[in-house]
Each structure stands twice: as structure tokens, then as C-alpha cells.
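Chemist: Here's a structure for you.
The values are calculated or read from the model by the stated rules, or taken from the named source; none is laboratory data. As the structure is a prediction and not an experimental result, all values here were calculated from the model. Don't worry about glycine lacking a Cβ; one is built from the backbone with ideal geometry, like all the others, and counts go over all protein chains shown.
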Amino acid sequence: MESERARELNCLARGIYFEARGESIRGMLAVGRVILNRVKSKAYPETVCGVVYQNKEKHNRCQFSFACDGKPDTIKERAEWGAILMHAAWLLASDKEETSPRLVRFATHYHADYVSPHWSRVLVLAGRIGHHLFYYDPTA
């Protein structure tokens, strides 16, 4: 049986892999930080897996698109997966905001630069890393 820690690591790594594997290490860590920031927020589930797979049953209406897009979540790039697992483990082990790029220290949202979700108009843009724009909620 998989331990809770291993499950959380796997969920965090899958979130990073499917949402940001083409980004720089800084970009991948930023996406991971958003997931961990959500875990700390009272507005989201209390676990990494809960955050990553929140609303997974709602087709194309979940928190992270890979979790509810109907496509198989197959990890094809094994070397990249191994590196992402190490980055995710580092994030979990050093789960402190100080280890994050300053602009995502409190970010709870991000999106790719080729989309414009409705919520991006009500949150504060913190900055951009690679192809992702990061936001935080000033009321949270």
C-alpha cells in the first residue's frame, strides 16, 4: 500500500508534469508552489491530491485541466518524470514560501498565456514565468 507521503509526492509530481513539463525548472517549481499554496488555503482541499484532483469528475471544469480532460494521464517522458519527481520531493521537503520565486510566494492561480480565464480579471497578476501567468487573491 502506498504511504500518504508517497501519494502526495506522486500527485504533486503529476500536477507539475502535466501542467508544466515544458517549462524551465523555475516554471515547474512555480506551478508546484501554487499547488502547495492551495493546500495551505482554507478555500481548497487540505491535501496535495485533493487540490490536484479537485472537481475531477466535472469534465473540463476542474482545477487542473489534465485531471478532467478525458485523456489518459500517461507519463511518456521517463527521464523528465524522474527529474520532476525530484523537484516535487524538494518542494515537499522544503515547504516554505521562502524557497519559492518571489512572484509566486502567495500565488494560488495560474494559466497558460494562450488562454484568458474569467477569474484572471478579479485576481492580482503576480507575474509571468515562461508560458504561465501567476495570480493571487488579495482577499484571501
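Chemist: Hey, among the residues in segment 5-38 that are touching a residue at least 12 places away in the same chain (Cβ under 8 Å), surrounded by fewer than 21 Cβ atoms within 10 Å (Cβ to Cβ) and of a type in the set (Gly, Ala, Ser), which one's nearest to residue 127 (Cα to Cα)?
Modeler: 24
Chemist: Moving to a separate point now. Applying the selection to segment 116-140, what residues are assigned to a helix (DSSP H, G or I) and either touching a His at 6+ places or on another chain (Cβ under 9 Å) or closer than 21 Å to residue 40 by Cα (or both)? Quick ask: steps written out before the conclusion?
Modeler: As a first pass, look at segment 116-140 and keep what is assigned to a helix (DSSP H, G or I): 118-121.
Within segment 116-140, 119, 120 meet the criteria.
Chemist: Just to verify a result, which residue in segment 112-140, among those that are of a type in the set (Gly, Ala, Ser) and free of Cβ contacts under 8 Å to residues at least 24 places away in the same chain, is surrounded by the most Cβ atoms within 10 Å (Cβ to Cβ)?
Modeler: Within segment 112-140, the first condition is being of a type in the set (Gly, Ala, Ser), and the residues that meet it are 112, 116, 120, 126-127, 130, 140.
Next, from what is left, pick out any that are free of Cβ contacts under 8 Å to residues at least 24 places away in the same chain: 112, 116, 120, 126.
Numbers: 112: 15, 116: 11, 120: 15, 126: 21.
Result: 126.
Chemist: Taking residue 51, is it modelled with pLDDT of 90 or more, in a helix (DSSP H, G or I) and under 10 Å from the mean Cα position of the chain (by Cα)?
Modeler: Criteria met by residue 51.
Chemist: In addition: Give just the number: which of (1) surrounded by 17 or more Cβ atoms within 10 Å (Cβ to Cβ); (2) small (Gly, Ala, Ser); (3) touching a residue at least 60 places away in the same chain (Cβ under 8 Å) does residue 67 not satisfy?
Modeler: Among (1) surrounded by 17 or more Cβ atoms within 10 Å (Cβ to Cβ); (2) small (Gly, Ala, Ser); (3) touching a residue at least 60 places away in the same chain (Cβ under 8 Å), residue 67 violates only (3).
Chemist: Taking the condition assigned to a helix (DSSP H, G or I), of a type in the set (D, E, K, R), over 24 Å from residue 115 (Cβ atoms) and under 16 Å from the mean Cα position of the chain (by Cα), does residue 7 pass?
Modeler: yes
Chemist: Output the number of residues of segment 60-73 satisfying the condition of being part of a helix (DSSP H, G or I) and modelled with pLDDT under 90.
Modeler: Here the count works out to 1.
Chemist: Follow-up question, since we're still on this one. Being farther than 18 Å from residue 117 by Cβ and assigned to a helix (DSSP H, G or I) is true for just one of 19, 80, 23, 57. Which residue is that?
Modeler: 80
Chemist: Looking at residue 41, is it hydroxyl-bearing (Ser, Thr, Tyr), closer than 24 Å to residue 138 by Cα and in contact (Cβ under 8 Å) with a residue 24 or more places away in the chain?
Modeler: yes
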